[in-house]
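**Student:** Just passing along the structure, written as structure tokens.
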Amino acid sequence: MKILVCISNVPDTTSKINFTEGDTKFDTNGVQFVINPNDEFGLTRAMWFKEKQGATVHVATVGGAQTEPTIRKALAIGADEAIRINAEPTDGFFVARQLAEVAKNGGYDLIIAGRESIDYNGGMVPGIIATLLDMNFVNTCVSLEIEGTDAKAVREIDGGNETIATSLPLVIGGQKGLVEESDLRIPNMRGIMMARKKALHVVEATDAPTMTADVKFEKPAAKGPVKLVDAGNIDELISLLHNEAKAI
Amino acid sequence: MSVLVYTESDKGNFKKNAFEAVSYAYEVAQQLGDTVTALAINASDCSVLGQYGANKVKHVSNEQLTNFNAKAYANAIAEAAISENAKTIIISSSADSKFLSGILAAKLNAGYVPNVVAAPVSTSPLVVKRTAFSNKGFAHTEITSETRIIGVSNNSFGVVEHGVQVDVEDFAVQVNDKDFGAKSVEVDKVVGKATIADADVVVSAGRGLKGPENWGMIEELADVLGAATACSKPVSDLGWRPHGEHVGQTGKPVASNLYIAIGISGAIQHLAGVSASKTKVVINTDPEAPFFKAADYGVVGDAFEVVPQLIEKLKEFKAQNA
Ligand SMILES: Cc1cc2nc3c(=O)[nH]c(=O)nc-3n(C[C@H](O)[C@H](O)[C@H](O)COP(=O)(O)OP(=O)(O)OC[C@H]3O[C@@H](n4cnc5c(N)ncnc54)[C@H](O)[C@@H]3O)c2cc1C
């Protein structure tokens, strides 16, 4: 089985988000970039398939040279080869087209992307790839088992889970649940050394239009101070929630 | 021309997000000078969509579409868009709509913007305001493609009544066997309980509760409020609660009217996911807990004392205001 894990290079979850150039750009100053958490769950599941079922795992990202530490980290965790498509990831559709182009010639049985990247939250990449390549697709995937070419996936739905029977070739939009939190791996020294020797192919982007453009950013409006209610006076809390907030 | 809106239903009944999506479509159509056409699949009473601004409902009645199937449903929406020559398509932000969104975008070669929280900023060019960076910011996004898909964030624009004269027509769609390459075999869903995605009130608890055995009072509080229950990430990682209850940046987003956080410190990843809720209440023993900076109302106190009181007082309140 040949697996491609699509990796987005995103600000660490603890990052404070600021904007620059007249609020038209995300300010990367002082921001640390990491593997998108949803993709990390998928990568970790892919490592399981590698170790238990002999799969080959490639990772791909769309981004400039500054994203290489993030894909090197994926190699250090255990991916076999990496591909960097050398282009600014301008919008979700563009990114999906680039990844689909790379995947088309790679003969992958399984493509794992995240349900969304935690920066622009587009959530369309896996669905577009699956459609462009005419592969099966399961989104918000929280469990994936593969036997031969049969796959059993569980996806999260509003208020529960749905079990889906499908088959390879398959694309999933992964998230937490795909593996346990405790299965996530921190690269060790040996992994980091080995990653330096693994192939990191840089390929040029194919021509693709962008469909959307962020023209301006805003931060949420500052919030007023919290109103404290005495623990012995819960009636007041209820009255505030009813009369002031109109929330109950 | 018309704005096409996909309206979700469950066992024939429209979901609340369907009414919000139609309300949003009406606003967009007003701004563009278009009419609103809704697409409904196996719904029982389509005329109700007129109340929220639909001029026309295309109703698909098809046994093969009894269960949600992302590819087949995306096909149906695409066919409806083509038959109406609709260039603007509105969907919701439910798990199902997000599932089909990428497929639909690829089929129609359309720009898609999810998590939209307000009426368009402008229509020429079409610019919409959406959340980004997991609710730590907003982006104004221009959709430059000819066909465009807007995903409305739950509980953001709201349900608005308009009372429009509505025509309902049958619409037959092509269903292909190959759309069922991923097939539902089992749905495991809580029934009769609000879900995090559509609940007005969400009661959420964190590590401060100390152990899974203490969730009885959280469920009771949720019950009194008709609320969905949620939890912080470590609580689901520890297996105290199911993963599906984990809210925050790496869990589910919450955009309820009321969010009550009990024994949750308010880490940045947690707050990012819940900040879209309109009113936030925190109950925590530690007055320095970061959640107090993000909340509207706060009680500094022990959950094991405050929550039982809150349950009693709410019961009294509900009895009086029934
Ligand atoms: C990559 C990444 C992603 C993450 N994503 C998420 C996410 O999506 N969602 C999320 O929630 N977290 C997320 N986290 C974890 C986050 O950083 C915090 O660790 C987590 O939110 C803390 O959970 P908590 O508030 O339940 O626990 P704690 O931080 O341990 O807080 C417990 C709180 O309970 C209070 N308390 C104790 N006893 C009582 C009592 N008797 N009564 C009342 N209060 C009491 C304490 O004062 C404390 O404030 C993420 C972390 C990382 C690294």
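The values are calculated or read from the model by the stated rules, or taken from the named source; none is laboratory data. For clarity, every value in this text was computed on a predicted model and none was experimentally measured. Heads up, the Cβs are rebuilt from the backbone with ideal geometry, glycines too, and the neighbour counts pull from every protein chain shown. Side chains included, ligands, DNA and RNA excluded: accessible areas come from the protein's heavy atoms. Shrake-Rupley method; radii C 1.70, N 1.55, O 1.52, S 1.80 Å.
**Student:** If you fit an axis through the alpha-carbon atoms of helix B:216-225 and take the longest principal axis of the Cα set of chain B, what angle between them do you get, 0 to 90°, nearest 10?
**Tutor:** The helix B:216-225 is inclined about 50 degrees to chain B.
**Student:** Along the charge dipole of segment B:201-320, Cβ charges K/R +1 and D/E -1, which of B:Leu310, B:Tyr297, B:Trp215 sits furthest on the positive end?
**Tutor:** Positive-most Cα among the choices belongs to B:Tyr297.
**Student:** Quick one: work out the % antiparallel among DSSP beta bridges in the protein assembly as shown, nearest 5.
**Tutor:** Numbers: 43 of 119 bridges.
Of all bridge pairs located within the protein assembly as shown, approximately 35 percent are antiparallel.
**Student:** Just to be sure I understand the model, the point goes 7 Å from the Cα along the line to the Cβ. What's the resulting A:Asp230 to B:Thr123 distance in nm?
**Tutor:** Each label point is offset 7 Å from its Cα along the Cβ direction, giving 5.5 nm.
**Student:** Something else about it: So if we plug the beta-carbon distance of A:Gln66 and A:Leu168 into 1/(1 + (r/R0)^6) with R0 = 41 Å, what FRET efficiency do we get, rounded to 0.05? Mind showing how you got there, number by number?
**Tutor:** On the way: r = 34 Å, r/R0 = 0.82.
Once rounded, the FRET efficiency stands at 0.75.
**Student:** Can I ask one more? Quick one: helix B:16-32 against the long Cα principal axis of chain B, what's the angle to the nearest 10°, folded into 0 to 90?
**Tutor:** That works out to roughly 50 degrees.
**Student:** State to the nearest 20 debye the size of the charge dipole of segment B:2-180 about its Cα centre, where the only charges are +1 on K and R beta carbons and -1 on D and E beta carbons. Write down the numbers at each step before the final one.
**Tutor:** Working: 14 positive and 18 negative charges, 132 e Å.
I would put it at about 640 debye.
**Student:** Separate question: Could you point to the residue in A:Leu170, A:Leu184, A:Cys141 farthest towards the positive end of segment A:129-248's charge dipole, with +1 and -1 charges on the Cβ of Lys/Arg and Asp/Glu respectively?
**Tutor:** Selected residue: A:Leu184.
**Student:** Could you sort B:His59, B:His162 by their accessible area in this structure, using a 1.4 Å probe and putting the largest first?
**Tutor:** Numbers: B:His59 25, B:His162 70 Å².
Sorted by accessible area, descending: B:His162, B:His59.
**Student:** Placing +1 on the Cβ of each Lys and Arg and -1 on the Cβ of each Asp and Glu in segment B:66-225, which of B:Val159, B:Val191, B:Ala70 has its Cα farthest towards the positive end of the resulting dipole?
**Tutor:** B:Ala70
**Student:** Measure nothing but the geometry: give the 0 to 90° angle between the long axis through the Cα atoms of B:70-84 and the longest principal axis through the Cα atoms of chain B, rounded to 10°.
**Tutor:** Compared with the principal axis, the helix lies near 50 degrees.
**Student:** Moving on. Just in segment A:1-81: which GluC sites (Glu not before Pro) are loop by DSSP and have at most 15 other Cβ atoms within 10 Å?
**Tutor:** Values: sites: A:Glu21, A:Glu40, A:Glu51, A:Glu81; in loops: A:Glu21.
Within segment A:1-81, the qualifying GluC sites (Glu not before Pro) (loop, at most 15 other Cβ atoms within 10 Å) are A:Glu21.
**Student:** To the nearest whole number, what is the average tally of beta carbon atoms from other chains within 10 Å of the beta carbons of peptide A:163-171? Mind showing how you got there, number by number?
**Tutor:** On the way: counts 6, 8, 7, 5, 3, 0, 1, 2, 2.
Shielding by partners across A:163-171 averages 4.
**Student:** Same structure, new question: May I ask you to rank B:Lys278, B:Lys318 by accessible area, largest first, using a 1.4 Å probe over the protein chains only?
**Tutor:** Details: B:Lys278 110, B:Lys318 75 Å².
The ranking, largest first, comes out as B:Lys278, B:Lys318.
**Student:** Sorting A:Arg97, A:Arg84 by accessible area (1.4 Å probe), largest first, what list results? The partial results should precede the final answer.
**Tutor:** Details: A:Arg97 55, A:Arg84 15 Å².
Of A:Arg97, A:Arg84, the descending order of accessible area is A:Arg97, A:Arg84.
**Student:** Another one. In the protein assembly as shown, carbon and sulfur make up what percent of the accessible area (probe 1.4 Å)? Could the numbers behind the result be given before it?
**Tutor:** Details: 10880 of 22560 Å².
Roughly 48 percent, rounded to a whole number.
**Student:** Which of the peptides B:105-114, A:101-110, B:77-86 is most tightly packed, and how do the rest follow, going by the mean number of other Cβ atoms within 10 Å of each residue?
**Tutor:** Details: B:105-114: 24.0, A:101-110: 17.5, B:77-86: 19.4.
Ranked from most to least packed, the peptides come out as B:105-114, B:77-86, A:101-110.
**Student:** Which of the aspartates and glutamates could be linked to A:Lys176 by a straight reach, that is with a Cα gap under 17 Å, when you skip same-chain ones fewer than 8 residues away?
**Tutor:** Cross-link targets: A:Asp12, A:Asp39, A:Glu40, A:Glu116, A:Asp119, A:Glu145, A:Glu156, A:Asp158, A:Glu162, B:Asp237, B:Glu245.
**Student:** Evaluate the charge dipole of segment B:201-320 about its Cα centre and quote only its size in Debye, nearest 20, assuming +1 on the Cβ of each Lys and Arg and -1 on the Cβ of each Asp and Glu.
**Tutor:** Numbers: 11 positive and 13 negative charges, 80 e Å.
With only Lys, Arg, Asp and Glu charged at Cβ, the dipole is about 380 debye.
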